[in-house]
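Beneath this line is the structure, given in structure tokens, with notes to follow.
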Amino acid sequence: MPRRTNTSIAASLVAMTCCACTAAQTAALSSIDTGYTISISKVRTAAVRGKTRIIAGTYEGALLGVELGGTCLWTNALSGFMNRDLWCEDLTGDGSDEVLAANADGALYCLDSAGALQWTFKTNDAPMNAVTVVHHKDTPYVVCGGYDMNLYYLSAPGDRVKTIP
């Protein structure tokens, strides 16, 4: 199966604005009032049972799952601290992406495609700054790091596999 990459979607600081252009759809811009402040660098797309969803992180620390048409499907307030990075990928093989959020409270949060918290990884209070997923022999590993100057390799269920200082 070909690998899908995360695609950032433009967002304004006051209201989420997305451009969902395909060959069949050229009416591009719409504005979605979320009630939150969305950072342009904290917006990703996720595949959920064959449909594309917008995942947005807010300065208030919430994550939002939104349909391309603008309907907010779910909100998860998480910690109240800003989400510093997002990554969406199917870790469980169920055909829907999980949402990974590196949070300023020092935790990495994993949510399912419906916005429910699946697991949390935290070693200290230093802000978690980045997250991605790498594959080795078809096994996904979540890789995250932050201001504690460590990289952490986690299994799909969130167990620590390795720490690289």
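The values are calculated or read from the model by the stated rules, or taken from the named source; none is laboratory data. Every value quoted in this text rests on a predicted model; they were computed, and no experiment measured them. Neighbour counts are summed over all protein chains in view; Cβ atoms, including those assigned to glycine, are modelled from backbone coordinates with ideal geometry. Protein only, heavy atoms only, side chains kept; ligands, DNA and RNA dropped before computing areas. Shrake-Rupley method; radii C 1.70, N 1.55, O 1.52, S 1.80 Å.
Just for the stretch 146-163: of the residues that are among the hydrophobic types (A, V, I, L, M, F, W, C) and assigned to a loop (DSSP other than H, G, I, E, B), which one is least open to solvent (accessible area, probe 1.4 Å)? Among those residues, the one meeting the criterion is 156.
Screening residue 18 with (1) open to solvent by less than 20 Å² (accessible area, probe 1.4 Å); (2) outside any loop (DSSP other than H, G, I, E, B); (3) of a type outside the set (Val, Ile, Thr); (4) at pLDDT 95 or above gives one miss only, at (4). Among the residues making up the stretch 95-108, those that are among the hydrophobic types (A, V, I, L, M, F, W, C) and either open to solvent by less than 10 Å² (accessible area, probe 1.4 Å) or in a strand (DSSP E or B) (or both) are 99, 100, 101, 102, 107, 108. Of all the residues in the stretch 53-89, those that are assigned to a strand (DSSP E or B) and either among the β-branched types (Val, Ile, Thr) or open to solvent by 40 Å² or more (accessible area, probe 1.4 Å) (or both) number 10.
Every condition in (1) free of Cβ contacts under 8 Å to residues at least 60 places away in the same chain; (2) open to solvent by 70 Å² or more (accessible area, probe 1.4 Å); (3) closer than 24 Å to residue 54 by Cβ; (4) not in a strand (DSSP E or B) is met by residue 92 except one, and the failing one is (1). For the stretch 109-145, taking the residues that are small (Gly, Ala, Ser) and farther than 25 Å from residue 54 by Cβ, the one that is least open to solvent (accessible area, probe 1.4 Å) is identified as 145. Among residues of the stretch 38-52 that are in a strand (DSSP E or B) and open to solvent by less than 50 Å² (accessible area, probe 1.4 Å), those with a beta-carbon under 7 Å from a residue that is modelled with pLDDT of 90 or more and of a type in the set (Ser, Thr, Tyr) at least six positions away or on a different chain give the pairs 45/52; 46/113; 47/96; 48/96; 48/113.
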